[in-house]
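Structure first, commentary second.
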Amino acid sequence: MARQPGRFAVIFVFITVFLDMVGFGLVMPVLPRLIEEVSGSDIAGASIWGGWLFFAYGGMQFLFGPAIGNLSDAYGRRPVLLLSVFGLAVDYVLTAFAPSMLWLFVGRIFAGICGASYTTANAFLADITKPDERAKVFGMMGAAFGLGFVIGPAIGGLLGEFGPRVPFFVAAGLSLLNFVYGWFVLPETLAPENRRPFRMARSNPIGTLKVFRKYRGVVPLGAVMFLYFLATAVYPAIWAFWGIAAFGWTEATVGLTLAAFGLVTAIVQGGLTGPAVTWLGERKTVVVGLAAGVIAIFGYGLAPGLVAVLVLLVIHAPEGFVHPALTALMSREAPEDAQGELQGGIASLQSIGLLIGTLFFAQVFGLFMKPNPWIVSPSVAYFIAGVLMLLTLAYFLTLRPAKPVTRP
């Protein structure tokens, strides 16, 4: 039987999303050295390997995001969340012992499958939240992501000084502790009468996107979401490699810069998304976030050093409004029994954006860091991503606000 979750269950959901992002974030500071150690490549070659690793991770999230969302619509949120948390713990152990690039790919594939648990986490929150309060709740979920980006890169950078594999053992232990915690406190929130049979057609990533056409306004907003994720894929693709190549950063510096950005983003998303939406409305909040993203992304490409990067991290922070505000706009267009499917579709958009974007920007970084007939610079990828972000903002401004949908 479904029941209203208590405070500890909601905390578990936020911890789950937080640990997903910890695992994603801790990889970034240590990834260049780990790839160089395993593959014997230089920084340019390591960035190309890194792009393919993120491609594997994003590919699995793209393929399995809709399936996990639909499994939670069919069998409930609790079993899917718990299995995903346990699977992440197994992945961290695999990565910690990886002796070759093959095993690093195995670890990233497994992480991509289990990391799609945030689709179910979002559906869990949609179950217990009124539609007009979802932007605030999704903003808090974004804050959990931001906090994960504080702790993850900090752990990865600082513990990475002892070796690039050490952070993964820490992450494995945290995930196992969270699994035990969730086993005892997490209830089921999806009532039997609101469930529907699992169908493979609904779990096909492309099929899921086709289904969204019947919900007014979802497709154009989904296009904005996709373009946004495509542009922002430049950060996981090259941040660590760019910092090392442009400024000579250590793993600790890479981790601390990412942690600083995560802290600012968490404050903005968790504390200001709700007030921003109340004051500006969801559409204007998205515009503010995209505009901040445009300024920041070009700024990084032109930054002369660490101080400028830290200033830009503050300017960049309002971009954190984009995901929760867009998600809230899209959630209004789907019925209550399809929120899991919707979140799975959003996860697919994010995953395919990362899939294409990280691979592309990593190749751009590697190309322009090697001798070539055009230009040798670690920042070219930022300028390309900045143009894409500007086009995303322009496209969103052309969309007309959807009329309120009346439901029985």
remark   = The number of residues in the stretch 369-394 that are in a helix (DSSP H, G or I) and at pLDDT below 90 is 1
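Each row is one residue, and each column tells you yes or no for (1) in contact with a Lys or Arg (Cβ under 9 Å, 6 or more places away or on another chain); (2) over 21 Å from residue 384 (Cα atoms).
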{"position": "291", "(1), (2)": "no, no"}
{"position": "294", "(1), (2)": "no, no"}
{"position": "303", "(1), (2)": "no, no"}
{"position": "306", "(1), (2)": "no, yes"}
{"position": "310", "(1), (2)": "no, yes"}
{"position": "320", "(1), (2)": "no, no"}
{"position": "325", "(1), (2)": "yes, yes"}
task = State whether one or more residues within the stretch 85-92 are part of a helix (DSSP H, G or I), out of contact with any Asp or Glu (no Cβ under 8 Å at 6 or more places or on another chain), charged (D, E, K, R) and closer than 25 Å to residue 255 by Cβ.
result = yes
key: Output for the stretch 324-359, where each listed residue is modelled with pLDDT of 75 or more, touching a Pro at 6+ places or on another chain (Cβ under 9 Å) and of a type in the set (Gly, Ala, Ser)   = 328, 331, 357
ask   = So which residues in the stretch 267-281 are under 20 Å from the mean Cα position of the chain (by Cα) and crowded, with 20+ Cβ neighbours inside 10 Å, if there are any at all?
value = 268, 269, 270, 273
request  = Could you please find all residues in the stretch 213-238 being of a type in the set (Phe, Trp, Tyr) and either modelled with pLDDT under 85 or over 30 Å from residue 379 (Cβ atoms) (or both)?
outcome  = 215
message = Going by what's in this entry, would residue 181 be described as at pLDDT 65 or above, under 21 Å from residue 59 (Cβ atoms) and part of a helix (DSSP H, G or I)?
response = no
task = Tell me which residues, restricted to the stretch 54-67, are surrounded by 24 or more Cβ atoms within 10 Å (Cβ to Cβ) and either over 16 Å from the mean Cα position of the chain (by Cα) or farther than 23 Å from residue 179 by Cβ (or both).
result = 54, 58, 66
key: Members of the stretch 243-265 that are aromatic (Phe, Trp, Tyr) and at pLDDT 90 or above   = 247, 249
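Matching residues to (1) surrounded by fewer than 19 Cβ atoms within 10 Å (Cβ to Cβ); (2) of a type in the set (Gly, Ala, Ser):
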residue	(1), (2)
358	no, no
363	yes, no
375	yes, no
378	no, no
381	no, yes
384	yes, no
387	yes, no
390	yes, no
397	yes, no
ask   = Mind checking which pairs have a first residue in the stretch 29-45 that is touching a residue at least 24 places away in the same chain (Cβ under 8 Å) and hydroxyl-bearing (Ser, Thr, Tyr) and a second that is in a helix (DSSP H, G or I) and surrounded by fewer than 24 Cβ atoms within 10 Å (Cβ to Cβ), Cβ under 8 Å, 6 or more apart or different chains?
value = 39/45; 39/49; 39/101
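The values are calculated or read from the model by the stated rules, or taken from the named source; none is laboratory data. This is a predicted model, so every value here is computed, not measured. As a convention, Cβ positions derive from the backbone with ideal geometry for all residues, glycine included, and neighbour counts pool all protein chains shown.
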